[in-house]
Amino acid sequence: MESKVEEEASKSMFECCDIEYISYGGEHHLPLIMDLVDKELSEPYSIFTYRYFVYLWPQLSFLAFHQGKCIGTVVCKMGDHRGTFRGYIAMLVVLKPYRGKGIATELVTRSIKVMMESGCEEVTLEAEVTNKGALALYGRLGFIRAKRLFHYYLNGVDAFRLKLLFPRPESYFPDSLMTEGEPNYGHEHLEDDYHPLS
Amino acid sequence: MEETTLNSPITSCANQAVYTDVSSLLQSACEDLREGELIHAENFNLFAAMSALEIMDPKMDSGIIRTYFSVDEAIENGAAPVPLSLDRTTDVQRTIDIMDHLVACEATWHNGHSLVQTVFSCIYLLRTERTSSHPILHSYCRVMRATCHELISAATETQTNEEEDIFTMTHGLPLKGDGDDKCLSMLHAVDETVSRQLRAARSPSSKKRILEDIEPLQSNIDLEEGFCKALLCRLRFRKHFYHVLTCMRRPQGKGLESAGKHIVTCLSELDLMLKWEEFLKLNNFCGTDDNGRECKTTASGCQPVGFDSTLNSRLSAPTPPRAIKLLSWKQAIEYFRKLLRDLEVICSLTLDPILDNLLHFIVDFQKSRPDLVARTYLQLLLIQDGKLYGRNCIFDVVCMASQLPDSAKRHSIQNNEVVVQLGQLLLSLLKIICANTAWQRRKLGKILQDWRIIHVQLELAFRKEFGDLSSTLDDENLCSKICIHILNWIEELTYWIGSRFLMLGFDLELYSSSEYCMVYWYIYVILIKLAEKTHLKMISSSESNRRKGKKKKELLRDTLKDYRVPPSVSLLQCQIYVAEGLTLMLAALRNEKQTFQDPGLFNSEHEIFMQHFGLLQKACLPDHVFYSSFKEITSQASLPTIAMYNCFKDAQRIAKELRSSFSTDPVRMEELRRIEQVAERNDVALNVICRLGKLDPSLNVYFEFNHHPYFAIAVVKRS
């Protein structure tokens, strides 16, 4: 689907610690999400699309508030995709004046952590090839551009399918690198959260 | 959430499509459900959720935005009058506007929008019979429709992939009308009439006109010549463009020469259309308004009559209608110019059955990013009736590609099931490399595995057919020769596919700069294997040629004396050096300056490696090459050592030596020149980094692709 998060240096009228992140809490959050997405993204989604996501995977949707105002949101799903348990980021929006402050990164990181804990093997999403902000954001999180999708959007623009592969048990990879020691493999601060797929 | 199962008669007899009144069911559902609750059924997935429309929401309800309920209503309301005007000058002006707008629609259709929303937004085209009293418009509409039909049938035959299938969706439009096959003779008759009117307008005396009994095109004598000419180039463009398409579809490339001639005419008619643009602008009926001239869909700048893009909105359901932006008339002309040039390149193909040359041709052709139409016609030419160009048996092509003697082409092994499969695999490879590069790369990644499997299957099949291969290593034996040559060629081609897969990643911008190091390393290992297999093929073929009529002693002496690496292998060697040099330079920069690396929060370089090269790894391309091999080589890289063993210098040296070998091959000559530049610049950059790197922490290194599409050059700047 889409995301509007491009990192723009904006003069902040707020401190990052002023931002409050809340997990999707029920029907009262729905109009806030719809409002943000309708305002910022081009595709018209019916209310069924929103409900499809937030009712089935409420734990994967988050909202960001600043002084009581909803200024960003992320909507996701997860499930089996051709034998792989996969997370999918459907919508990610941060209002323009609040961009470039790491709010989108924080929102999406929260969702990805839940996906990882839930046993997802990978996370995917689509982004317009011209959306440099989103591409940079996801690149920093370890996503690669796995595919280019020709004329993906109705406006004729191509999309990238971005993919994040989570580390898996040693047996998955054909070589025995892990025994040789790979310092970066398995981040310490994530180890507590990390439950490889059984 | 409540789980409700729908048990209506509709689901039980879906195939017979019986309509049932569901009002009461809906009523009870409404009473049962509270706000926000959804009916859950197994088939209500994301697609279903997204396809659901909110009635009366203008963003989604396709029925809500439209001017007329039907084509008939539009006609009744005078949206598409015939004649276009009672004033004959205005009638001609409006006819030209319709032609121009149709060309803009047509180009927009080719560029990925639906026929329904573009060409068939023309009411005249939806009801061509209404225009029969207006020969000019009538013949133009007919040939337009026939052209659309021709293109759709060509694209359908090549089985357009799902990404571009919108092109062939016709949504039940009236695409084939009775008598469309006569469109060319109608066009010819109209051309004749307008030509006579033009001749009459040019003749000094009006007496002649009376004598010849020619009614002028329109009422303003001063403008007669201009309008005649503006009309003629438009009519002729259509005629020749239609000819181009039909000629290119003749079997076995027999129409290519005439298609080439029609292309030249089309291009000159396009020039004339541009030449008469100013005239139409000055003499339009809608006044001079230069605002937004650049996005106008007609040469005159006037809005055309007879178009309504909302008329068919219900035809394209269930997709909600989105307003599309048509290309401007100028952009459309440019588009057709580019398309015709691409088609011209196809017509120049010599129908060479040597696979290597053909693969090079296609790769080179794809560099200009040809659109769906051009790629469709290339594929139609290449593959007809399961043969290359409709005339070369695939087994013959395989034999030639494997450098086997002609006698092999008659060998009964070609009827072996696995050999037949190999032929099919080759045909599908050709189709894939004719596709758009995004889809092409995905497919190439997938078929790597198939090529590995066919190699194993063929080895077994040969063994079954000819016995143990190792005992008949004697190259004189035709059977063993077929086995060895074909198996080696399959490996060579598999590595070629692998290298194409990796390099297309640059075209598609799939790699970020932190990934360049591993990408170049992978290109390096694949190219080494490719060079090895190519070399083996060439040695074995040149040896068997030499053996003819020579004694063993002479042979050995000659082999040592004449030995020279074939130029195509040296060119690969050149690329190998550049890839190696880039790998080591990037690795050294990373090791010493901590640049070009991106440790992520959730995964490591290992996962990135596996995602990018998983398909190659799965197909064991190459054998025994893993992430650990990459780490082993790159973790040791340091600036002082790579400066001493400078791969870029080796690349430059070979490139210089090779120049004379490719003097008759402009494409490879160009590649050589680019490689040489990349090597030279990287050599300089490497020296600068080595000299100043340690001392100057402000030194900033980044990579650019301005000399070669795949091989980057390092740019060194002070930050």
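The values are calculated or read from the model by the stated rules, or taken from the named source; none is laboratory data. Here the structure is a predicted model, which means the values were calculated and not measured. Cβ coordinates were reconstructed from backbone atoms using ideal geometry, including for glycine residues, and neighbour counts include every protein chain displayed. Keep in mind that these areas ignore ligands, DNA and RNA; they rest on the heavy atoms of the full protein, side chains included. Shrake-Rupley method; radii C 1.70, N 1.55, O 1.52, S 1.80 Å.
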Rank these residues by their accessible area, most exposed first, probe 1.4 Å: B:His149, B:His411. B:His149, B:His411
Measure off 7 Å from each Cα along the Cα-to-Cβ vector at B:Glu192 and B:Ser635, then give the distance between these two points in nanometres to one decimal. 8.4 nm
Report the net charge of residues surrounding B:Cys266, where surrounding means a beta-carbon distance below 13 angstrom and charges are Lys +1, Arg +1, Asp -1, Glu -1. +4
Length gained if B:His171 through B:Thr20 is fully extended, taking 0.36 nm per residue and subtracting the Cα-Cα distance, is 51.7 nm
Could you tell me whether the stretch B:409-466 comes out rounded, prolate or oblate from its Cα gyration tensor? Rule is a ≥ b ≥ c as square roots of the eigenvalues, rounded for a/c under 1.5, then prolate if a/b exceeds b/c, otherwise oblate. oblate
Percent relative contact order of chain B, based on C-alpha pairs within less than 8 angstrom and at least six residues apart? 10 percent
Evaluate E = 1/(1 + (r/R0)^6) for B:Arg199 and B:Asp271, where r is the Cβ-Cβ distance and R0 equals 22 Å; express this FRET efficiency to the nearest 0.05. 0.55
List every residue whose amide H lies under 5 Å from the amide H of B:Asn700, counting only residues 5 or more places away in sequence or on a different chain, with H placed 1.01 Å from N in the peptide plane. B:Lys717, B:Arg718, B:Ser719
C-alpha long axis of helix B:183-202 to longest principal axis of chain B, angle in °: 70 degrees
Phi angles of the stretch B:678-689, converted by Karplus (6.51 cos²θ - 1.76 cosθ + 1.60, θ = phi - 60°) into ³J(HN,Hα) in whole Hz with x for Gly and Pro, give 4, 5, 4, 5, 5, 4, 5, 4, 4, 5, 4, 4
Compute the signed sum of charges (Lys and Arg +1, Asp and Glu -1) over the other residues within less than 12 Å, Cβ to Cβ, of B:Arg249. 0
Over 31 Å between C-alpha atoms is what I'm after, so list which of B:Lys593/B:Lys656; B:Lys367/B:Lys409; B:Lys387/B:Lys446; B:Lys529/B:Lys631; A:Lys132/B:Lys529; B:Lys254/B:Lys338 land there. B:Lys593/B:Lys656; B:Lys367/B:Lys409; A:Lys132/B:Lys529
13 Å beta-carbon shell around B:Val418, net charge (K/R +1, D/E -1): -2
Enter the angle in degrees (range 0 to 90, nearest 10) between the Cα long axis of helix B:567-593 and the first principal axis of the Cα atoms of chain B, meaning the one along which they spread out most. 90 degrees
Starting from 0.36 nm per residue, how many nanometres of slack lie between B:Cys479 and B:Glu465 once their C-alpha separation is accounted for? 4.1 nm
For B:Tyr389, distant residues with modelled amide H under 5 Å away: B:Ile383, B:Gln384
For the stretch B:652-660, Karplus-derived ³J(HN,Hα) couplings (6.51, -1.76, 1.60; θ = phi - 60°; whole Hz; x for glycine and proline) come out as 4, 4, 5, 4, 5, 5, 7, 3, 5
